[in-house]
Amino acid sequence: MKPRVLIVEDEPGIADTLQYALRTEGFEPAWCATGEEALARIAAEPPALVILDVGLPDASGFEIFKRIRATSDVPVVFLTARSDEIDRVVGLELGADDYVAKPFSPRELVARVRGVLRRAGKGASAPAAAGAPAGAAPPRVLVVDEGRMQIRYHGRLLELSRYEFGLLKTLAARPGHVFSRDALLERVWGNDTESMDRTVDAHVKTVRAKMKAIAPDEEPIRTHRGSGYSLAEDLPTAT
Ligand code: CA
């Protein structure tokens, strides 16, 4: 069955191009031009993925995104036109699955759609399009929202305990840096004298399991035998 992709975009030219590209690549595109219509369609017939323009006539894409998230986990790829929009998408508060900046090539967009669906475990197993996307920064894989004590991984919220949050936040603050168990105990557990080395190990284990549930093929937390733990240096992170 072809994955259905709902395009929410008020410019018919862009919507046409996207529909054509998606259809060519084995998807079943649908299109609507307003946020309200998008919400109605998502409720009536949930798509595999939503491509959501930020600049819509009736409401901002950000607002529509929040309303989608109130009822649905459907993966969302933002279309953005301005750099301040991009900042918000990759920033702390949204946690979209990915974004593409206008102008973009249809091929790049389709590659992003494929990547997001793959991470979401919803198929789309056709070969990935070649070529590095032009004009777009890589999406932040790990986003720490200090204020809300939340961490998103591949756009998904990790359900973390207080200490798990502290542990991952500490590692994410310096990707590649090896933290000893003592250093982690001090930073995360502070004066809790009951804690010991194996407290750190146990929490690393549960955090890993939660990340693995989202991205089974990735091992972002590295073990350094005898010295401690680090977060993979190449992991795109925002704190
Ligand atoms: Ca628009």
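The values are calculated or read from the model by the stated rules, or taken from the named source; none is laboratory data. Given the structure is predicted, the values throughout are model-derived calculations rather than measurements. Backbone-built Cβ (ideal geometry, glycine too); neighbour counts: all protein chains shown. Areas reflect the complete protein model, heavy atoms only, side chains present, ligands, DNA and RNA absent. Shrake-Rupley method; radii C 1.70, N 1.55, O 1.52, S 1.80 Å.
Brief remarks on what is shown
- Residue within the stretch 146-162 that is within 22 Å of GLU233 (Cβ to Cβ), surrounded by fewer than 18 Cβ atoms within 10 Å (Cβ to Cβ) and assigned by TED's automatic domain parsing to the domain that holds GLY228 present: yes
- Any hit, the stretch 9-24, residues being under 29 Å from LEU158 (Cβ atoms) and touching a Leu at 6+ places or on another chain (Cβ under 7 Å): no
- Residue in the stretch 195-203 that is closer than 19 Å to ARG162 by Cβ and touching an Asp or Glu at 6+ places or on another chain (Cβ under 6 Å) present: yes
- The residues of the stretch 1-38 that are within 24 Å of the chain's Cα centre (by Cα) and away from the ligand (no atom under 16 Å from the Cβ), listed by number, are LYS2, PRO3, ARG4, VAL5, ALA21, LEU22, GLU25, GLY26, PHE27, GLU28, PRO29, ALA30.
- Scanning the stretch 49-66 for residues that are touching a Gly at 6+ places or on another chain (Cβ under 8 Å) and closer than 19 Å to LEU109 by Cβ gives LEU52, ASP53, VAL54, GLY55, LEU56, GLY61, ILE64.
- Within the stretch 195-208, residues that are in the same structural domain as PHE165 (by TED's automatic domain parsing) and over 19 Å from ILE151 (Cα atoms) reach partners that are assigned to a helix (DSSP H, G or I) and open to solvent by less than 30 Å² (accessible area, probe 1.4 Å) with beta carbons closer than 6 Å, at six or more positions or on different chains, in the pairs SER195/LEU185; SER195/TRP189.
- Residues of the stretch 63-81 satisfying the condition of being more than 11 Å from the ligand (Cβ to nearest atom) and over 14 Å from the mean Cα position of the chain (by Cα): GLU63, ILE64, LYS66, ARG67, ILE68, ALA70, THR71, SER72
- Residues (within 16 Å of the ligand (Cβ to nearest atom), of a type in the set (A, V, I, L, M, F, W, C) and within 21 Å of ARG114 (Cα to Cα)) located in the stretch 39-62: VAL50, ILE51, LEU52, VAL54
- Residue pairs meeting the criteria (Cβ under 8 Å; at least 6 apart or on separate chains; first closer than 16 Å to VAL76 by Cα, in the stretch 2-28; second more than 16 Å from the ligand (Cβ to nearest atom) and of a type in the set (Phe, Trp, Tyr)): PRO3/PHE27; ARG4/PHE27; VAL5/PHE27
- Criterion: at pLDDT below 85 and hydroxyl-bearing (Ser, Thr, Tyr) - qualifying residue of THR193, THR206: THR193
- In the stretch 175-194, the residues that are touching a residue at least 12 places away in the same chain (Cβ under 8 Å) and in a loop (DSSP other than H, G, I, E, B): PRO175, GLY176, HIS177, VAL178, SER180
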